[in-house]
Amino acid sequence: RKANVLIDRDFAIGHTDPRLFGAFVEHLGRCVYGGIYEPGHPTADKNGFRGDVLALVKELGPTIIRYPGGNFVSGYNWEDGVGPVEKRPVRLDLAWFSTEPNSFGTNEFMDWCKAAAVEPMLAVNLGTRGGDAARNLVEYCNHPGGSTWSDLRRAHGWEKPHNVRFWCLGNEMDGPWQMEHKSAEAYGAIAREAAKMMRWVDPTIELAACGSSGRNMPTFGQWEDTVIEHTFDHAEYISLHTYLNNYRQDTASFLASPDLMDRFIDEVVALADAVAAKRRSHKRMMLSFDEWNVWYRTRRNRADRVKEGWPVAPPILEEIYTMQDALAFGGACISLLNHADRVRAACLAQLVNAIAPIMTETGGGAWRQTIFFPFAQMSRLGRGKVLRTQVESDAYDSFYYDPRGAHDLSFPVPNVPYLKIAAVAGGGTLTLFMLNRDLMQEMEVSLEARSFGPLAVSEALELRHDDLQASNTRDATERVKPEPLQGVTIDGARMRATLKPASWNVVHLS
Ligand code: AHR
C-alpha cells in the first residue's frame, strides 16, 4: 500500500500541554499496594515506595497522576488516609469489594509524586460526600497554615502546603455503577457548588467537571449540556473517558476504534462551545481525557473485578496486553496528540498492575507491558507543536462494538484510513507517530515536510510482532519491544519509510 502525507511547519493544530501525558493511580487491586507502594520489598525506600517501579515510571514519562480514583473516590473519606497510620480506619471499599487499609493516603501520594517527579491531580468525592469535604481537602492540602485543616496537615508532618493545582469534581457520576450516581441536573448543581467553595479556599486551582464516562452512555450529550450549563463559570475542564475493546476479536475494527476517540473529542468540544455560544462567551472549556486505555479482557466477568472475601489489594483488572493492544493504544496516542488544541490533560488509566503499562509481582520483579512503549515514546518525543497532516491513504470499512448493556450494539465505521499519523514539531525537530492498520500489507509512506530546514533521521523505531497475541510476562519481559525501523530515507523535504503490516512506528528527525 501507499500513503502520501503533507505537512507544513506553519500549519499547526496546537501545542501539547505537558498534562497531556498523564496517568492514573487508583486504590484498585494492586495498583497502590504491591504496585507503587510495598514496604518490605527489596527495592523499597524508607517510605515503602518501590524503587523498581519508580524507575519504570520515570522511563514511561507520565507528567501528572490522577488519584485516588476512579470509582473508589466516590466512597472515599479523605480523612481516613491522613494522620498516624496505626490510627487510620480500615474500611470496606464498595467500588472494588475489597478492604482498604488506608496505610497509603494523600500525604504519601504527595511524597510519591515528588519521588516520581510528577504533578498530582486529585479527585474529590462527590458521591457519598460533597462540597464540604471537598473544600476541607483543598484547605488541608493547599492552605499554608493557621486554620484547622491546614494545621492538621502540619501536625501530620507536612509543614509546607502541597499546592495541588488540578482537581477533578468527582468521577463518572453519570454511571449507575458509581456510589451515589446522580442525574446530570443533580451532579451539575453539586459540582458547581463544590467548585465555588474549593476555589474560594484557593483561587489558583483548576477544576474539571465530570463529562460522560463513555461515548456510548445513553445520556451522552444531554449530560454534557446540563453539566456544562451548571459549571461553565466555575470549571476549566470537562472530562471524558474511553476504554477501547476487542471483544469481538475483529482486529481490523479494533485498530479503527481510536478514531471514535477523535469523534468523541470533537463532539464534546461542540457541546462545550454550544454552551459558550448561548452565553456569547469567549471562554473555551478545555477537555481532560482523564481515563483512557484498552480494557476488555478483565472487564466483563465479575470474577476479574471482584475477589470474594473482601481481600486487601486483590489481583483484579490485571489485563495482560498483547501486541495488537499496543497498536490500538498507539492509535489512541495519535488521537490525543491530534487534539492538542483542546485536550489539555489526559490520563492513561492506570499506572501499575490494574489495566496498566507496568506490571509487578508482589515481592518480586517489575516489567513493561506492550502498551508501555507507545506511551513512553509519545511522552518523550511528542512535546511541541502538533501539525495538521493531510493524508492520502487507502481506507477500509470497520465496525464499532458497544460493550455496554445487556445486548451488544454494533455500528459501521466506514472509510478508516490504513495510516493513522500525528506529526509534532519541536525546536528544529519533527517526530512522526505512524500506525499501519493494514494487517497484511506493508505501507510505503511518502511525507513532504514543508517549511522545515534540512532534516536527518536521528531515531526510527518500530513496534511489531509476527504474533499479534504476543505479550510480555514475568518470564519473558522483552518479547515485545521497539526495534530499529530500517530504511527511512530523507531526500530534501521528503521522507520515505516502509511500515510493516500491523505496526506502530516513530521517526524522529532533526
Ligand atoms: O479505571 C478503572 C475504572 O474505570 C475507574 O475506577 C472508573 O472511573 C472507570 O469506570
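The values are calculated or read from the model by the stated rules, or taken from the named source; none is laboratory data. All values derive from a computational prediction rather than experimental measurement. Backbone-built Cβ (ideal geometry, glycine too); neighbour counts: all protein chains shown.
For the range 92-120, give me the residue count where each residue is out of contact with any Gly (no Cβ under 8 Å at 6 or more places or on another chain), not acidic (Asp, Glu) and not in a loop (DSSP other than H, G, I, E, B).
10
Restricting attention to strands (runs of 3 or more DSSP E) lying wholly within the range 319-385, give those where 2 or more residues are within 18 Å of LEU287 (Cα to Cα), within 16 Å of the ligand (Cβ to nearest atom) and within 12 Å of the chain's Cα centre (by Cα).
Working: elements: 343-349, 358-360, 366-368.
So the answer is 343-349.
Considering only residues that are crowded, with 19+ Cβ neighbours inside 10 Å, part of a helix (DSSP H, G or I) and not aromatic (Phe, Trp, Tyr), look in the range 55-77 and name the one that is nearest to the ligand (Cβ to nearest atom).
Among them, the one singled out is ASN71.
Suppose we filter TRP292, TRP200, TRP223 for residues that are assigned to a strand (DSSP E or B) and of a type in the set (Phe, Trp, Tyr); which single one remains? Step through it out loud before you land on a result.
Values: TRP200 fails: assigned to a strand (DSSP E or B); TRP223 fails: assigned to a strand (DSSP E or B).
Result: TRP292 is the single residue among TRP292, TRP200, TRP223 that is assigned to a strand (DSSP E or B) and of a type in the set (Phe, Trp, Tyr).
Do we have ARG388 as surrounded by fewer than 18 Cβ atoms within 10 Å (Cβ to Cβ), away from the ligand (no atom under 16 Å from the Cβ) and not acidic (Asp, Glu) here? Can you show your working first?
Working: surrounded by fewer than 18 Cβ atoms within 10 Å (Cβ to Cβ): yes; away from the ligand (no atom under 16 Å from the Cβ): yes; not acidic (Asp, Glu): yes.
Yes, satisfied.
Quick grid of which residues meet (1) in contact with a helix residue (DSSP H, G or I) (Cβ under 8 Å, 6 or more places away or on another chain); (2) of a type outside the set (S, T, N, Q); (3) touching a residue at least 40 places away in the same chain (Cβ under 8 Å):
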site: ALA326; (1), (2), (3): yes, yes, yes
site: ASP341; (1), (2), (3): no, yes, yes
site: CYS347; (1), (2), (3): no, yes, yes
site: ALA354; (1), (2), (3): no, yes, yes
site: THR370; (1), (2), (3): yes, no, yes
site: GLY382; (1), (2), (3): yes, yes, yes
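Only one residue in SER212, SER239, SER253 is in a loop (DSSP other than H, G, I, E, B) and either more than 15 Å from the ligand (Cβ to nearest atom) or more than 26 Å from ASP397 (Cβ to Cβ) (or both). Which one? Can you show your working first?
Numbers: SER239 fails: in a loop (DSSP other than H, G, I, E, B); SER253 fails: in a loop (DSSP other than H, G, I, E, B).
Going through SER212, SER239, SER253 in turn, just one is in a loop (DSSP other than H, G, I, E, B) and either more than 15 Å from the ligand (Cβ to nearest atom) or more than 26 Å from ASP397 (Cβ to Cβ) (or both): SER212.
Hey, can you tell me all the residues within the range 272-288 that are crowded, with 22+ Cβ neighbours inside 10 Å and more than 16 Å from the ligand (Cβ to nearest atom)?
Taking the range 272-288 as the starting set, the residues that turn out to be crowded, with 22+ Cβ neighbours inside 10 Å are 272, 285, 287-288.
Result: ALA272, MET285, LEU287.
Would you mind listing the strands (runs of 3 or more DSSP E) fully within the range 1-41 where at least 1 residues are within 30 Å of ARG450 (Cβ to Cβ) and β-branched (Val, Ile, Thr)? Step through it out loud before you land on a result.
Working: elements: 2-8, 12-15, 22-24.
The qualifying strands (runs of 3 or more DSSP E) are 2-8, 12-15.
List the number of the failed condition for GLY309; all other conditions in (1) surrounded by fewer than 19 Cβ atoms within 10 Å (Cβ to Cβ); (2) under 16 Å from the mean Cα position of the chain (by Cα); (3) not in a helix (DSSP H, G or I) hold.
Every condition holds for GLY309 apart from (2).
Cβ-Cβ distance below 8 Å, separation of 6 or more or different chains: which pairs start in the range 235-263 with a residue that is assigned by TED's automatic domain parsing to the domain that holds ALA328 and end on one that is part of a helix (DSSP H, G or I) and of a type in the set (Val, Ile, Thr)?
ILE238/VAL227; ILE238/ILE228; ILE238/THR231; ILE238/VAL268; LEU240/ILE265; LEU240/VAL268; PRO258/ILE334
Within the range 262-270, does at least one residue satisfy the condition of being at positive phi and away from the ligand (no atom under 16 Å from the Cβ)?
no
Surrounded by fewer than 20 Cβ atoms within 10 Å (Cβ to Cβ) and in a helix (DSSP H, G or I): is that true of ASP233 in this structure?
On the way: surrounded by fewer than 20 Cβ atoms within 10 Å (Cβ to Cβ): yes; in a helix (DSSP H, G or I): no.
Criteria not met by ASP233.
So that you can scan it fast, the table gives a plain yes or no per residue for (1) surrounded by fewer than 21 Cβ atoms within 10 Å (Cβ to Cβ); (2) of a type in the set (S, T, N, Q); (3) at pLDDT below 95:
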residue: GLY81; (1), (2), (3): no, no, no
residue: LEU94; (1), (2), (3): yes, no, no
residue: PHE97; (1), (2), (3): yes, no, no
residue: ASN125; (1), (2), (3): no, yes, no
residue: ARG129; (1), (2), (3): no, no, no
